[in-house]
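What follows is calculated from the coordinates using simple rules that are stated; it is not laboratory data. Everything numeric here is computed off the predicted structure, so don't read it as measured data. Neighbour counts are summed over all protein chains in view; Cβ atoms, including those assigned to glycine, are modelled from backbone coordinates with ideal geometry.
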């Protein structure tokens, strides 16, 4: 089998920040085909354990061949980056399909087809399993991980990279962030996932396709709702048997769910009857996302341009290189390894004209230290004409041989003391590293002459220092101008026992003669245009002030605001809290008010009224109503039973009317 090469074409989605790329798979004897490159995150590539896990899971996913699973071709390195190569499905994520629908939901038959296709792919992965025989759990089923091809086939994506999928920061999950999550995942994390977890997520997927609402999206605390509350009822126009399928699949206790994804699919097919064909689904998708759709057309143009460039020979298949560090080029210095000579480290010789700064020396009096014998020291051969000032003696280091015109410059130190006679080198001898070399002298001049010639210099330096010290002392002791007024020239001592009246002098401004500008006033933050869209339309009040009927746009100051919604005809009275950020652009809040249900058990023949409207004579059927505040009143003859309550949007409440207890 010939090797496959890949030619990157550009981002899968136009614009910045697109992680997947379109590419062409080039193989000898096979027509070029489009594929998708999903770049591995940097933290995964740099972590040996995560990279090994990615490679292991990808190798396992490569063998999965199922029409309802997005095919994984393997890993490749392109342009120095690691990428997963997957099938190009020529479609859109299910999320895009739902958003394109007018009601953000699908007809029941097509919703059942989507959930059935996904269930088949998930069941295949469960049966194929991992290398150790355990089922391969997806654990992240949601509309974003389901691809819907324009041929009407749904494909589950994500296999091969589930173990290295992005996690929460610092390993801690952000509360109320995910709506597609099972109770066991909420309590035990990704490792708690099982086959029944995927069944739960399949139920949530079916629920959104049928209702057009994300699960628990209207709950103030979605995490608590996932653990304790059932999903809100499906819209009334959805056949009731679908409610039972959703209810069982999303049971809080995993043992109450369908035992497998295949069992879920069979129950769904039994409720919906014969599923629509993929051709019919493709026709529906082309109406929602036509071929001239901007994103769809952009991808087609990208692929066509790549094929044309390949046909013209403008691009050639390039073998995917292995990851290797790039060679270092340019003027970056290369440090030579240290060579050991004896027991002391040797420093690599420095060549060229760059000055080398010797280690800093402490200022202050320097003690005169007799040098070690020359035979026991490493000498500095001087081969250039530049003057050399060596650092102070260090008995445990090897000096640097100078082979060019470089000058070793030591920082300025305190006044040098006259060297001891024993420390003066003789003419013609090698200069030890501990002392600076004397000025050039004739070879026949005696050494004592050199020693005697340095004495006047030392005396001159000492005289200069003495004069400097005297001047400094004189400047300190000299009386300041105007001292005569203080009586210091009379030779009398200052007396401090005389009463003195002290007056506080006015404090001078920070910059004398410059008027200090007043602090600028705090900038006023302009209000943010806020568009409020509520489903259903209601009367909106902001912080207790009526604003009008939704949809509407109002300017609000950045911060937190309370929105109140009222519709007396529907018996709707509820509220939401929103946070408005500071921006000149319009911020849109789309709010869907949830619906719950109540069931009233009252004595036979009693009259039941809800929010002032009659529900009939008991027994009455279960009533579906919007979330919020409600009032229930039951009467029988002279007996009256009343109850005010708040109905959450995703809860079912049961009331047992007992006139005896009310008395």
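Data for the structure
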| item | result |
| --- | --- |
| Ranking of 211, 8, 277, 286 by count of other Cβ atoms within 10 Å, fewest first | 277, 286, 8, 211 |
| Residue exposure sequence - 120, 577, 595, 562 - by fewest surrounding Cβ within 10 Å | 577, 562, 120, 595 |
| Debye intensity ratio I(q)/I(0), log10, segment 528-592, q values 0.16, 0.18, 0.19, 0.22 Å⁻¹ (C-alpha model) | -0.46, -0.58, -0.65, -0.86 |
| Distance in nm between pseudo-label sites at residue 65 and residue 191 (7 Å out along the Cβ direction from Cα) | 3.6 nm |
| Residue 252-residue 541 pseudo-label distance in nm [points 7 Å out on the Cα-to-Cβ vector] | 3.4 nm |
| Fewest-first sequence of 218, 639 by Cβ atoms within 10 Å of each Cβ | 639, 218 |
| Förster radius 45 Å - calculated FRET efficiency between residue 48 and residue 237, Cβ distance, rounded to 0.05 | 0.25 |
| Label-point separation in nm, residue 607 to residue 638, each point 7 Å along Cα→Cβ | 1.7 nm |
| Percent of alpha-carbon pairs separated by more than 14 Å within segment 61-127 | 70 percent |
| Cα-based Rg of segment 595-662 normalised by 2.2 N^0.38 Å, two decimals | 1.04 |
